[in-house]
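Comments concern the structure below.
The values are calculated or read from the model by the stated rules, or taken from the named source; none is laboratory data. Being a predicted model, the structure only gives us computed values, none of them experimental. Using ideal geometry, Cβ is built from the backbone for each residue, glycine included, and neighbour counts are taken over all protein chains shown. To get the accessible areas, we keep the full protein, side chains included, count just its heavy atoms, and leave off ligands, DNA and RNA. Shrake-Rupley method; radii C 1.70, N 1.55, O 1.52, S 1.80 Å.
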Amino acid sequence: MTRSQEFNSATQETVLLTGATGYIGSRLLRRLEHGPQKVRCLVRRPEALSSVAALETEIVGVDLLQPETLPYAMRGVSTAYYLVHSMASGGDFALEDRKAATNFAQAALEAGVQRIVYLGGLGAGRYLSGHLASRREVGEILRNSGVPTIEFRASIIIGSGSLSFEMIRSLVEKLPVMLTPKWVHTKCQPIAIDDVLDYLVAVLDVAHTASSRSQVFEIGGPDRASYRDLMAEFARQRGLKRLLISVPVLSPQLSSLWLGLFTPVYARIGRKLVESLRNETVVVDKSAMEAFPIRPRGMADAVQRALDNEDRV
Ligand SMILES: NC(=O)c1ccc[n+]([C@@H]2O[C@H](COP(=O)([O-])OP(=O)(O)OC[C@H]3O[C@@H](n4cnc5c(N)ncnc54)[C@H](OP(=O)(O)O)[C@@H]3O)[C@@H](O)[C@H]2O)c1
C-alpha cells in the first residue's frame, strides 16, 4: 500500500448499502464502487454477492430482522442507503418492513450515522394499497429516527430486471389481444433506472451536518402516462401489434389471477404490486428539480434504454 493509499483509506468516508442483492441495490453498488467512498454491503446472503462485488467492497452478513447483528455493520458509516423491502417474503410484509426499518434506524442513530438515504414509492391519499402504505410508513420510521433522512419517492422504474417493468414486458410479449382492467388507465410517471441511480449517488455530493433535516424528494421522468400508454410504447418499440380492449370491471382479485397466469415468475409479488396499480403515482412536489441538476429522460427513451441493456444484466 502506498502512502497516499494509506492516507485515502484513513480519510475515506464509509457508505453502507443495504439491498445490494436487489434490483436497485445491485445497480447502485456498481456506481458506488467507482466512487471515492469505501463501500460496505449489508446483506442476508453474503455468498450471493461475493463473486460480483469488487475486492475492496466489504460484505457483512446481517438480517435486518435480527438487530443484534447490526452494530458491527454500522461502525464508522457516514451515509447509509436503505433499499430493502420484504415483498418477496411469504409472511406479513408490512410487519416485517416495519421491524426491519425500526431496527435499522435505531442502530444508525446509536452508531452516529450522519445520513440515511431511502428510496420509497410515489402515491398519496387515504386509499393507498398495502404495499404503498408500507413504503410510506418505512419512510416515516426512518425520517423520525433522529438521523437526517433523504427519502426519494419514485413511480415505476424502467429498466431490464425491474419487477414492475418485467410485468409490463410479460403481458405485452405474451398477449396479442389483451382485455385490460381499469387500472391500465391509472397515471404513473415512469423514470429510467439510470436517472434513479443518478439521484441516489448525487446525495453524496450534498453537504450534510448534524443539523441537516430530513427531506422528501418526489422523482419522475417528464412524462405522465397511463400503464396502457406504457404497454403501447413497449409494443411499438418491440414491433409488436397489440390490441388492448378495456373491460369496465375487473376486480383486483381477478386482475391478480390474470396477471399471475401470464407472469408466473411474478405471481406472488405481482399480486401485491397489482393492488398498487389503482393508485396514481405522479410527481406533485417538484423540489427535486431545484435541488439536483438531474433532468430525467422521457418514457420512450427510458424504454429504449431498458431494451438495449437487457442482455447486460
Ligand atoms: N423496482 C421498482 O420499480 C421500484 C419503484 C419504486 C421504488 N422502489 C423502491 O426501491 C427499493 C428497492 O427495491 P428493489 O426493486 O431493488 O427491491 P428488490 O429487488 O426486491 O430487493 C430487495 C432487497 O431487500 C433485501 N432484504 C429483504 N429483507 C431483508 C432483511 N430482513 N435483511 C436484509 N436485507 C433484506 C433483499 O435481500 P435478499 O436478496 O436476501 O432477499 C434484497 O436485496 C424499495 O424500497 C422499493 O420500494 C422500487
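What the table shows:
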item	result
For ALA124: the one exception among (1) surrounded by 20 or more Cβ atoms within 10 Å (Cβ to Cβ); (2) not in a strand (DSSP E or B); (3) not polar (S, T, N, Q)	(1)
Any hit, the range 172-183, residues being without any contact (Cβ under 8 Å) to a residue 60 or more places away in the chain, part of a helix (DSSP H, G or I) and either farther than 15 Å from GLY121 by Cβ or open to solvent by 10 Å² or more (accessible area, probe 1.4 Å) (or both)	no
Yes/no for MET178 being touching a strand residue (DSSP E or B) at 6+ places or on another chain (Cβ under 6 Å), at pLDDT below 85 and hydrophobic (A, V, I, L, M, F, W, C)	yes
From the options LEU42, LEU32, residue that is more than 12 Å from the ligand (Cβ to nearest atom), under 20 Å from ILE150 (Cβ atoms) and in contact with a helix residue (DSSP H, G or I) (Cβ under 8 Å, 6 or more places away or on another chain)	LEU32
Where TYR118 falls short, out of the listed (1) open to solvent by 10 Å² or more (accessible area, probe 1.4 Å); (2) near the ligand (Cβ under 10 Å from one of its atoms); (3) in contact with a Gly (Cβ under 8 Å, 6 or more places away or on another chain)	(1)
Checking PHE165 against (1) open to solvent by less than 10 Å² (accessible area, probe 1.4 Å); (2) within 13 Å of the ligand (Cβ to nearest atom); (3) modelled with pLDDT of 90 or more; (4) in a helix (DSSP H, G or I), the condition it does not meet	(3)
Residue list for the range 76-85, restricted to those being open to solvent by 20 Å² or more (accessible area, probe 1.4 Å) and either on the phi > 0 side of the Ramachandran plot or in contact with a Lys or Arg (Cβ under 9 Å, 6 or more places away or on another chain) (or both)	GLY76, HIS85
Condition check for ARG135: modelled with pLDDT of 95 or more and open to solvent by 20 Å² or more (accessible area, probe 1.4 Å)	no
Qualifying residues in the range 140-162 (those that are within 28 Å of ALA306 (Cα to Cα) and more than 9 Å from the ligand (Cβ to nearest atom)) - the one modelled with the lowest pLDDT	SER160
VAL196 within 24 Å of SER78 (Cα to Cα) and not in a loop (DSSP other than H, G, I, E, B)	yes
Hits in the range 76-106 (condition: part of a helix (DSSP H, G or I), within 19 Å of ILE150 (Cβ to Cβ), among the aliphatic types (A, V, I, L, M) and away from the ligand (no atom under 12 Å from the Cβ))	ALA105
